[in-house]
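The values are calculated or read from the model by the stated rules, or taken from the named source; none is laboratory data. The shown structure was predicted, so the numbers you read here are calculated from the model rather than taken from an experiment. All Cβ positions, even for glycine, are placed from backbone atoms using ideal geometry, and neighbour counts span all protein chains on display. All accessible areas refer to the heavy atoms of the entire protein, side chains included, with ligands and DNA or RNA removed. Shrake-Rupley method; radii C 1.70, N 1.55, O 1.52, S 1.80 Å.
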Amino acid sequence: MSRRTTLKYAFAGIVAIALTLGVGWWRVDGPGAPEQTGLRPVALSEMEFRLSDHEGNDVGPETLIGRPTMVFFGFTYCPDVCPTTLSDISGWLDDLGEEAEEMNVVFITVDPARDTVEAMAEYVSYFHPLVRGWTGLEEEIARAAQGFRARYERVPTEGGDYTMNHTASVFLFDAEGRFTTMIDYHEPGEFAVPKIRRALNKET
Amino acid sequence: MTVVYGLMAALMFASSAAMPAIAGSEDVVVEDAWARASIGVNRPGAAYMTIRNTGDEAVTLTGIRTDLAMMPDIHQTSTNAEGVSSMAPAGEIEIAPGEAVWLEPGGLHAMLMRLQRPMAEGENFSMTLDFSDGGEITVEVPILGIAARGPEG
(Lines give C-alpha, C1' and ligand atoms only; values in the text may rest on other atoms or scores of the structure.)
Protein backbone atom coordinates (compact mmCIF):
# COMPACT_ATOMS: atom_id res chain seq x y z
CA MET A 1 0.00 0.00 0.00
CA SER A 2 1.54 3.34 -1.01
CA ARG A 3 1.85 6.12 1.48
CA ARG A 4 -0.68 8.12 -0.46
CA THR A 5 -3.27 5.34 -0.29
CA THR A 6 -2.67 4.96 3.45
CA LEU A 7 -3.27 8.67 3.92
CA LYS A 8 -6.42 8.44 1.84
CA TYR A 9 -7.74 5.63 4.05
CA ALA A 10 -6.79 7.52 7.20
CA PHE A 11 -8.61 10.58 5.93
CA ALA A 12 -11.69 8.52 5.01
CA GLY A 13 -11.57 6.99 8.48
CA ILE A 14 -11.47 10.38 10.15
CA VAL A 15 -14.36 11.62 8.01
CA ALA A 16 -16.38 8.51 8.94
CA ILE A 17 -15.74 9.03 12.65
CA ALA A 18 -16.59 12.73 12.41
CA LEU A 19 -19.79 11.88 10.56
CA THR A 20 -20.78 9.29 13.15
CA LEU A 21 -20.15 11.76 15.95
CA GLY A 22 -22.01 14.45 14.05
CA VAL A 23 -25.02 12.21 13.44
CA GLY A 24 -24.94 11.14 17.08
CA TRP A 25 -24.95 14.76 18.24
CA TRP A 26 -27.77 15.61 15.84
CA ARG A 27 -29.92 12.81 17.16
CA VAL A 28 -29.15 13.09 20.86
CA ASP A 29 -28.54 16.78 21.60
CA GLY A 30 -28.96 18.55 18.29
CA PRO A 31 -32.05 19.66 16.39
CA GLY A 32 -32.86 16.03 15.53
CA ALA A 33 -33.23 15.04 19.18
CA PRO A 34 -36.60 13.60 20.22
CA GLU A 35 -38.70 16.02 22.20
CA GLN A 36 -37.98 15.71 25.86
CA THR A 37 -40.27 13.18 27.46
CA GLY A 38 -41.51 12.92 31.00
CA LEU A 39 -42.53 16.58 30.91
CA ARG A 40 -45.66 17.61 32.72
CA PRO A 41 -48.65 18.68 30.67
CA VAL A 42 -49.04 22.44 30.53
CA ALA A 43 -52.05 24.07 32.21
CA LEU A 44 -55.29 23.77 30.24
CA SER A 45 -55.35 27.57 29.97
CA GLU A 46 -52.09 27.42 28.01
CA MET A 47 -53.28 24.80 25.53
CA GLU A 48 -54.78 25.61 22.15
CA PHE A 49 -56.79 23.18 20.07
CA ARG A 50 -60.28 22.86 18.58
CA LEU A 51 -62.06 19.53 18.58
CA SER A 52 -65.58 18.16 18.50
CA ASP A 53 -67.17 16.12 21.28
CA HIS A 54 -69.21 13.01 20.55
CA GLU A 55 -72.38 15.07 20.30
CA GLY A 56 -70.84 17.34 17.69
CA ASN A 57 -70.25 20.29 20.02
CA ASP A 58 -67.24 22.48 19.36
CA VAL A 59 -64.84 22.00 22.27
CA GLY A 60 -61.36 23.05 23.36
CA PRO A 61 -59.23 23.27 26.50
CA GLU A 62 -61.33 26.19 27.80
CA THR A 63 -64.38 23.87 27.83
CA LEU A 64 -62.70 22.02 30.69
CA ILE A 65 -61.78 24.95 32.92
CA GLY A 66 -64.09 25.46 35.89
CA ARG A 67 -64.34 21.79 36.82
CA PRO A 68 -61.73 19.20 37.73
CA THR A 69 -60.75 17.20 34.66
CA MET A 70 -59.56 13.74 33.75
CA VAL A 71 -58.16 13.19 30.22
CA PHE A 72 -57.07 10.02 28.47
CA PHE A 73 -55.77 9.43 24.92
CA GLY A 74 -56.68 6.29 22.98
CA PHE A 75 -58.62 5.02 19.97
CA THR A 76 -61.71 2.90 19.51
CA TYR A 77 -59.98 0.23 17.39
CA CYS A 78 -57.82 -0.57 20.40
CA PRO A 79 -58.71 -4.05 21.68
CA ASP A 80 -56.97 -4.11 25.04
CA VAL A 81 -55.57 -0.94 26.60
CA CYS A 82 -58.39 1.50 25.79
CA PRO A 83 -61.41 -0.52 26.89
CA THR A 84 -59.42 -1.54 29.96
CA THR A 85 -58.59 2.07 30.85
CA LEU A 86 -62.13 3.25 30.14
CA SER A 87 -63.51 0.45 32.34
CA ASP A 88 -60.98 1.36 35.03
CA ILE A 89 -62.07 5.00 34.79
CA SER A 90 -65.74 3.96 34.90
CA GLY A 91 -65.01 1.90 38.02
CA TRP A 92 -63.21 4.80 39.73
CA LEU A 93 -66.13 7.10 38.90
CA ASP A 94 -68.54 4.56 40.37
CA ASP A 95 -66.40 4.43 43.53
CA LEU A 96 -66.41 8.21 43.81
CA GLY A 97 -70.15 8.37 43.18
CA GLU A 98 -71.62 11.84 43.68
CA GLU A 99 -68.18 13.29 44.36
CA ALA A 100 -67.22 12.77 40.71
CA GLU A 101 -70.38 14.26 39.23
CA GLU A 102 -68.77 17.68 38.86
CA MET A 103 -65.92 16.28 36.85
CA ASN A 104 -64.99 16.46 33.15
CA VAL A 105 -63.93 13.06 31.85
CA VAL A 106 -62.57 13.15 28.32
CA PHE A 107 -61.32 10.43 26.01
CA ILE A 108 -59.39 12.02 23.09
CA THR A 109 -58.80 9.80 20.07
CA VAL A 110 -55.37 9.61 18.47
CA ASP A 111 -56.95 7.97 15.40
CA PRO A 112 -59.35 10.59 13.99
CA ALA A 113 -59.25 8.91 10.56
CA ARG A 114 -61.37 6.04 11.90
CA ASP A 115 -62.84 7.67 15.02
CA THR A 116 -65.51 9.94 13.65
CA VAL A 117 -67.94 11.79 15.91
CA GLU A 118 -70.46 8.93 15.40
CA ALA A 119 -67.86 6.25 16.20
CA MET A 120 -66.90 8.10 19.38
CA ALA A 121 -70.57 8.50 20.36
CA GLU A 122 -71.23 4.79 20.07
CA TYR A 123 -68.03 3.83 21.84
CA VAL A 124 -68.38 6.07 24.89
CA SER A 125 -72.01 4.98 25.33
CA TYR A 126 -70.72 1.65 26.67
CA PHE A 127 -68.85 3.28 29.55
CA HIS A 128 -69.66 5.65 32.45
CA PRO A 129 -72.09 8.39 31.35
CA LEU A 130 -69.60 11.09 32.39
CA VAL A 131 -67.11 9.99 29.70
CA ARG A 132 -67.02 12.35 26.69
CA GLY A 133 -65.29 11.40 23.43
CA TRP A 134 -63.38 14.06 21.52
CA THR A 135 -62.15 13.87 17.93
CA GLY A 136 -61.28 16.26 15.13
CA LEU A 137 -58.69 17.10 12.52
CA GLU A 138 -55.33 15.34 12.68
CA GLU A 139 -53.46 18.60 13.27
CA GLU A 140 -55.78 19.61 16.11
CA ILE A 141 -55.29 16.20 17.76
CA ALA A 142 -51.54 16.75 17.39
CA ARG A 143 -51.81 20.17 19.06
CA ALA A 144 -53.84 18.69 21.90
CA ALA A 145 -51.33 15.86 22.41
CA GLN A 146 -48.52 18.40 22.46
CA GLY A 147 -50.16 20.32 25.29
CA PHE A 148 -50.70 17.16 27.31
CA ARG A 149 -47.19 15.90 26.38
CA ALA A 150 -48.91 12.76 25.12
CA ARG A 151 -47.33 10.76 22.33
CA TYR A 152 -48.80 8.55 19.65
CA GLU A 153 -47.66 6.79 16.55
CA ARG A 154 -49.36 4.85 13.78
CA VAL A 155 -48.02 1.31 13.42
CA PRO A 156 -48.88 -0.98 10.48
CA THR A 157 -50.07 -4.51 11.36
CA GLU A 158 -50.38 -7.73 9.37
CA GLY A 159 -53.00 -7.62 6.67
CA GLY A 160 -52.64 -3.94 5.81
CA ASP A 161 -54.37 -2.64 8.95
CA TYR A 162 -52.79 -0.39 11.50
CA THR A 163 -52.80 0.15 15.21
CA MET A 164 -51.71 3.08 17.34
CA ASN A 165 -49.08 3.22 20.04
CA HIS A 166 -50.04 5.93 22.48
CA THR A 167 -49.54 7.38 25.93
CA ALA A 168 -51.86 5.37 28.16
CA SER A 169 -51.67 7.52 31.31
CA VAL A 170 -54.70 9.38 32.63
CA PHE A 171 -54.07 13.11 33.20
CA LEU A 172 -55.70 14.97 36.09
CA PHE A 173 -56.29 18.73 36.30
CA ASP A 174 -57.88 20.82 39.03
CA ALA A 175 -60.85 23.11 38.45
CA GLU A 176 -58.51 25.97 37.50
CA GLY A 177 -57.05 23.81 34.75
CA ARG A 178 -53.71 23.22 36.47
CA PHE A 179 -52.15 19.80 36.00
CA THR A 180 -52.22 17.91 39.31
CA THR A 181 -50.97 14.40 38.58
CA MET A 182 -51.36 11.41 36.34
CA ILE A 183 -52.55 7.88 36.84
CA ASP A 184 -50.36 5.30 35.17
CA TYR A 185 -51.83 2.69 32.90
CA HIS A 186 -53.63 0.00 34.90
CA GLU A 187 -52.79 1.61 38.24
CA PRO A 188 -54.86 -0.08 40.96
CA GLY A 189 -57.97 1.73 42.16
CA GLU A 190 -56.60 2.15 45.70
CA PHE A 191 -54.00 4.55 44.25
CA ALA A 192 -56.08 6.02 41.46
CA VAL A 193 -59.16 7.04 43.46
CA PRO A 194 -57.23 9.14 46.04
CA LYS A 195 -55.40 10.88 43.18
CA ILE A 196 -58.72 11.82 41.59
CA ARG A 197 -60.02 12.96 44.96
CA ARG A 198 -57.00 15.24 45.26
CA ALA A 199 -57.78 16.87 41.90
CA LEU A 200 -61.42 17.22 43.00
CA ASN A 201 -60.63 18.80 46.34
CA LYS A 202 -57.70 20.96 45.34
CA GLU A 203 -58.15 24.43 46.85
CA THR A 204 -58.47 26.92 44.03
CA MET B 1 -33.17 -63.00 34.98
CA THR B 2 -32.05 -61.78 31.59
CA VAL B 3 -35.59 -62.09 30.40
CA VAL B 4 -36.81 -59.90 33.28
CA TYR B 5 -34.24 -57.21 32.53
CA GLY B 6 -35.13 -57.37 28.87
CA LEU B 7 -38.79 -56.97 29.69
CA MET B 8 -38.08 -54.03 32.01
CA ALA B 9 -35.96 -52.37 29.34
CA ALA B 10 -38.70 -52.89 26.82
CA LEU B 11 -41.26 -51.46 29.23
CA MET B 12 -39.08 -48.44 30.00
CA PHE B 13 -38.51 -47.85 26.32
CA ALA B 14 -42.21 -48.10 25.63
CA SER B 15 -43.13 -45.71 28.43
CA SER B 16 -40.50 -43.13 27.46
CA ALA B 17 -41.67 -43.26 23.85
CA ALA B 18 -45.21 -42.67 25.03
CA MET B 19 -44.22 -39.81 27.35
CA PRO B 20 -44.77 -36.82 25.03
CA ALA B 21 -48.35 -37.83 24.41
CA ILE B 22 -49.05 -38.36 28.11
CA ALA B 23 -47.29 -35.36 29.56
CA GLY B 24 -47.79 -32.67 26.91
CA SER B 25 -50.79 -30.54 26.18
CA GLU B 26 -53.16 -33.08 27.74
CA ASP B 27 -52.13 -31.67 31.10
CA VAL B 28 -53.11 -28.15 30.15
CA VAL B 29 -56.16 -26.65 31.81
CA VAL B 30 -57.80 -23.44 30.62
CA GLU B 31 -59.68 -21.38 33.21
CA ASP B 32 -61.57 -18.10 33.44
CA ALA B 33 -61.94 -17.53 29.71
CA TRP B 34 -63.84 -14.40 28.72
CA ALA B 35 -63.98 -11.86 25.93
CA ARG B 36 -65.32 -8.38 25.42
CA ALA B 37 -68.22 -7.69 23.14
CA SER B 38 -67.30 -5.89 19.93
CA ILE B 39 -68.91 -2.97 18.13
CA GLY B 40 -69.55 -4.42 14.69
CA VAL B 41 -66.81 -6.37 12.91
CA ASN B 42 -64.27 -3.72 11.93
CA ARG B 43 -62.52 -3.45 15.26
CA PRO B 44 -60.38 -6.30 16.57
CA GLY B 45 -61.76 -8.21 19.56
CA ALA B 46 -59.86 -9.46 22.60
CA ALA B 47 -60.19 -12.61 24.70
CA TYR B 48 -58.55 -13.50 27.98
CA MET B 49 -57.97 -16.69 29.98
CA THR B 50 -55.59 -18.53 32.28
CA ILE B 51 -53.66 -21.40 30.70
CA ARG B 52 -52.31 -23.74 33.35
CA ASN B 53 -49.82 -26.55 32.80
CA THR B 54 -50.61 -29.18 35.44
CA GLY B 55 -48.14 -31.69 33.99
CA ASP B 56 -44.47 -32.18 34.72
CA GLU B 57 -43.14 -31.18 31.31
CA ALA B 58 -43.05 -27.79 29.68
CA VAL B 59 -45.62 -27.16 26.98
CA THR B 60 -45.50 -24.60 24.20
CA LEU B 61 -48.55 -22.78 22.93
CA THR B 62 -47.93 -22.21 19.22
CA GLY B 63 -51.13 -20.54 18.10
CA ILE B 64 -54.87 -20.08 18.37
CA ARG B 65 -57.75 -20.69 15.99
CA THR B 66 -61.39 -19.67 15.92
CA ASP B 67 -64.00 -19.37 13.22
CA LEU B 68 -64.95 -16.04 14.77
CA ALA B 69 -61.84 -14.27 13.45
CA MET B 70 -59.73 -14.81 10.36
CA MET B 71 -56.54 -13.63 12.02
CA PRO B 72 -56.44 -14.61 15.67
CA ASP B 73 -53.09 -14.21 17.38
CA ILE B 74 -51.73 -13.81 20.89
CA HIS B 75 -50.48 -10.29 21.44
CA GLN B 76 -48.58 -8.68 24.25
CA THR B 77 -49.32 -5.14 25.42
CA SER B 78 -46.42 -3.34 27.02
CA THR B 79 -46.05 0.15 28.41
CA ASN B 80 -42.64 1.82 28.34
CA ALA B 81 -41.06 4.19 30.87
CA GLU B 82 -42.68 7.19 29.15
CA GLY B 83 -46.13 5.67 29.59
CA VAL B 84 -46.52 4.86 25.88
CA SER B 85 -48.24 1.57 25.36
CA SER B 86 -47.83 -0.69 22.34
CA MET B 87 -48.83 -4.14 21.17
CA ALA B 88 -46.82 -6.85 19.45
CA PRO B 89 -47.37 -10.52 18.56
CA ALA B 90 -46.23 -12.63 21.50
CA GLY B 91 -44.92 -15.54 19.41
CA GLU B 92 -44.78 -19.03 20.92
CA ILE B 93 -45.42 -19.19 24.64
CA GLU B 94 -43.73 -21.83 26.76
CA ILE B 95 -45.46 -22.80 29.99
CA ALA B 96 -43.21 -24.49 32.53
CA PRO B 97 -44.51 -27.50 34.49
CA GLY B 98 -46.84 -26.39 37.27
CA GLU B 99 -46.92 -22.84 35.90
CA ALA B 100 -49.60 -20.82 34.17
CA VAL B 101 -49.79 -17.91 31.78
CA TRP B 102 -52.40 -15.28 32.31
CA LEU B 103 -54.00 -13.62 29.33
CA GLU B 104 -55.42 -10.56 31.05
CA PRO B 105 -56.10 -6.89 30.31
CA GLY B 106 -52.90 -4.93 29.86
CA GLY B 107 -50.71 -7.97 29.25
CA LEU B 108 -51.15 -10.94 26.97
CA HIS B 109 -54.41 -11.22 25.11
CA ALA B 110 -55.90 -13.25 22.30
CA MET B 111 -56.31 -10.58 19.66
CA LEU B 112 -59.13 -11.45 17.30
CA MET B 113 -58.45 -9.68 14.02
CA ARG B 114 -60.81 -9.78 11.04
CA LEU B 115 -63.96 -10.66 12.92
CA GLN B 116 -66.37 -12.73 10.85
CA ARG B 117 -69.38 -11.66 12.92
CA PRO B 118 -69.95 -9.21 15.75
CA MET B 119 -69.14 -10.44 19.24
CA ALA B 120 -72.46 -10.07 21.04
CA GLU B 121 -72.66 -9.85 24.80
CA GLY B 122 -74.18 -13.01 26.30
CA GLU B 123 -73.03 -15.29 23.47
CA ASN B 124 -70.13 -17.76 23.41
CA PHE B 125 -67.58 -18.74 20.80
CA SER B 126 -65.08 -21.60 20.62
CA MET B 127 -61.38 -21.07 20.40
CA THR B 128 -58.76 -23.77 19.85
CA LEU B 129 -55.30 -23.57 21.36
CA ASP B 130 -52.55 -25.41 19.46
CA PHE B 131 -49.50 -26.82 21.19
CA SER B 132 -46.11 -27.83 19.83
CA ASP B 133 -46.67 -31.52 20.60
CA GLY B 134 -49.57 -31.54 18.16
CA GLY B 135 -52.17 -31.45 20.90
CA GLU B 136 -55.01 -28.95 20.97
CA ILE B 137 -57.57 -27.72 23.44
CA THR B 138 -60.86 -26.13 22.51
CA VAL B 139 -62.47 -23.75 24.98
CA GLU B 140 -65.83 -22.03 25.04
CA VAL B 141 -65.35 -18.32 25.62
CA PRO B 142 -68.28 -16.34 27.05
CA ILE B 143 -68.66 -12.83 25.64
CA LEU B 144 -69.15 -10.19 28.32
CA GLY B 145 -69.88 -6.47 27.98
CA ILE B 146 -67.44 -4.02 26.36
CA ALA B 147 -66.72 -2.49 29.75
CA ALA B 148 -66.05 -5.86 31.46
CA ARG B 149 -62.92 -5.94 33.55
CA GLY B 150 -62.53 -9.64 34.23
CA PRO B 151 -64.20 -13.06 33.95
CA GLU B 152 -66.84 -11.92 36.45
CA GLY B 153 -67.79 -8.94 34.33
Just to verify a result, which residue in the stretch A:86-95, among those that are more than 9 Å from chain B (Cβ to nearest Cβ) and either closer than 23 Å to residue B:119 by Cα or touching a residue at least 60 places away in the same chain (Cβ under 8 Å) (or both), is surrounded by the most Cβ atoms within 10 Å (Cβ to Cβ)?
A:89
Those residues that are at pLDDT 95 or above, in contact with a Phe, Trp or Tyr (Cβ under 8 Å, 6 or more places away or on another chain) and closer than 19 Å to residue A:126 by Cβ, I need them from the stretch B:96-130; list them, please.
B:109, B:119
Answer with yes or no whether residue A:132 is in contact with a strand residue (DSSP E or B) (Cβ under 6 Å, 6 or more places away or on another chain), open to solvent by 30 Å² or more (accessible area, probe 1.4 Å) and within 14 Å of chain B (Cβ to nearest Cβ).
no
Test each condition in (1) part of a helix (DSSP H, G or I); (2) charged (D, E, K, R); (3) within 12 Å of chain B (Cβ to nearest Cβ) for residue A:98 and report the one that comes out false.
(3)
Restricting to the stretch B:67-80, name every residue that is of a type in the set (A, V, I, L, M, F, W, C), facing chain A (nearest Cβ under 8 Å) and over 16 Å from the mean Cα position of the chain (by Cα).
none
Looking only at the stretch A:148-169, count how many residues are assigned to a loop (DSSP other than H, G, I, E, B), on the phi < 0 side of the Ramachandran plot and either under 8 Å from the mean Cα position of the chain (by Cα) or more than 8 Å from every other protein chain (Cβ to nearest Cβ) (or both).
4
Would you be able to say whether some residue in the stretch A:113-121 is open to solvent by less than 30 Å² (accessible area, probe 1.4 Å), within 12 Å of residue A:89 (Cα to Cα) and within 16 Å of the chain's Cα centre (by Cα)?
no
So, in the stretch B:138-149, how many residues would count as being more than 10 Å from every other protein chain (Cβ to nearest Cβ) and at pLDDT below 95?
0
Could you list, ordered by first residue, the pairs with Cβ atoms under 6 Å in which the first is in the stretch B:103-129 and touching a residue at least 40 places away in the same chain (Cβ under 8 Å) and the second is acidic (Asp, Glu), at least 6 apart or interchain?
B:109/A:80; B:111/B:73; B:126/B:140; B:128/B:136
All-but-one check, residue B:153 against (1) touching a residue at least 24 places away in the same chain (Cβ under 8 Å); (2) under 20 Å from residue B:39 (Cα atoms), failing number (1)
Considering only the stretch B:32-49, how many residues are more than 7 Å from chain A (Cβ to nearest Cβ) and in contact with a Ser or Thr (Cβ under 7 Å, 6 or more places away or on another chain)?
1
Given the conditions (1) at the interface with another protein chain (Cβ under 8 Å from one of its Cβ atoms); (2) open to solvent by less than 30 Å² (accessible area, probe 1.4 Å); (3) within 14 Å of the chain's Cα centre (by Cα); (4) not polar (S, T, N, Q), every one holds for residue A:184 apart from (2)
What's the total number of residues in the stretch B:90-116 that are in contact with a Leu (Cβ under 7 Å, 6 or more places away or on another chain) and in a loop (DSSP other than H, G, I, E, B)?
3
Confirm whether residue B:133 is more than 13 Å from chain A (Cβ to nearest Cβ) and at pLDDT below 95.
yes
